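The values are calculated or read from the model by the stated rules, or taken from the named source; none is laboratory data. Not measured: the values here are computed from a predicted model. All Cβ positions, glycine included, derive from the backbone under ideal geometry; neighbour counts span all protein chains shown.
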Amino acid sequence: MTSAPISQQRLLIDLQKLDSQLARLTHERKHLPVLARIEATVERLKANRRRAVVAAAALDEAQANATMREEEVEQVVHRAAVLRERLTAGTAAARDLPAIQSEIDQLGRRQAVLEEAQIAAMEALDAARAEVDEATAQEQEIRAGGRELTASRDADFARLDAEIADARTHRDQLAATIDAGLLAEYEAVRAATGGLGAVALYGRRVEGGSVEISPQEHARIVAAPLDEVIHAEDNDVIVVRMEN
């Protein structure tokens, strides 16, 4: 059995409190609520970028379609103007006049159809531009929110890092006062249990809860020499007696 003065054993309880504090702070740093919000913001930004790409492609297509419709109308208007000029100039043969007038009438009907298509193309172009503008505005909004979240995260990191550094300093100072063999035993137990190395026992009550050890366990611990390092029966945790 390992032996160590009870005063040394009781230092393990203070060390455990620091280790528990460090574990809590480290966990808090890794699971800050703001980190999930930042991750969600990044996903929103990615989705909005995909939206912007689609919107930009739709705008290019709408612009090309609007330009094509405009050119089609211009061609019809120009052709009709040329034919009207032939009619008014009197240079066309009389037998050609009905055909010219018929073509002008057809061009007029064609122009009306093309102008409707042009209006629809312009409306589509306006909608595409609005979508691009909305995606741009949305990105600016998301980025602004992201900057606020990043600032909040950095402030939390700075606070927690300072607390962690302070706790580690105190832990190192305290660990330096504990017997090397006892400290090694404590560290081995912590490694085996995932963080719990020692618990304080007041009578039959374990500190930090309402759990009481069994009468048989209490009797075993009380019967042991005060400098004997006691481990719990059901696990490897060191049980430190806080009352003589």
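Couple of notes before you dig in:
- Enumeration of residues in segment 129-168 that are polar (S, T, N, Q) and either more than 19 Å from residue 28 (Cα to Cα) or touching a Leu at 6+ places or on another chain (Cβ under 6 Å) (or both): 136, 138, 140
- If the condition is being among the hydroxyl-bearing types (Ser, Thr, Tyr) and touching a residue at least 24 places away in the same chain (Cβ under 8 Å), then segment 1-34 contributes 2, 3, 20, 26.
- Total residues in segment 131-170 satisfying the condition of being free of Cβ contacts under 8 Å to residues at least 60 places away in the same chain and among the polar types (S, T, N, Q): the figure is 2.
- Whichever residue in segment 106-125 is of a type in the set (D, E, K, R) and surrounded by 12 or more Cβ atoms within 10 Å (Cβ to Cβ) and, among such residues, is farthest from residue 78 (Cα to Cα): 123
- Residue that is more than 30 Å from residue 47 (Cβ to Cβ), acidic (Asp, Glu) and surrounded by 15 or more Cβ atoms within 10 Å (Cβ to Cβ), where the choices are 131, 85, 72: 72
- Segment 177-190 residues that are outside any helix (DSSP H, G or I), paired with ones that are among the hydroxyl-bearing types (Ser, Thr, Tyr) and surrounded by 13 or more Cβ atoms within 10 Å (Cβ to Cβ) (beta carbon under 8 Å, 6 or more apart): 178/186
- If you check 105, 126, 154, 96 for being in a helix (DSSP H, G or I), over 25 Å from the mean Cα position of the chain (by Cα), at pLDDT 95 or above and of a type in the set (Asp, Glu), only one passes: 126.
- Residue that is surrounded by the fewest Cβ atoms within 10 Å (Cβ to Cβ), among those in segment 194-244 that are modelled with pLDDT of 90 or more and under 39 Å from the mean Cα position of the chain (by Cα): 194
- Within segment 102-130, residues that are among the charged types (D, E, K, R) have Cβ atoms under 7 Å from residues that are part of a helix (DSSP H, G or I) in these pairs: 103/83; 110/76; 115/73; 129/59, counting only partners at least 6 apart in sequence or on another chain.
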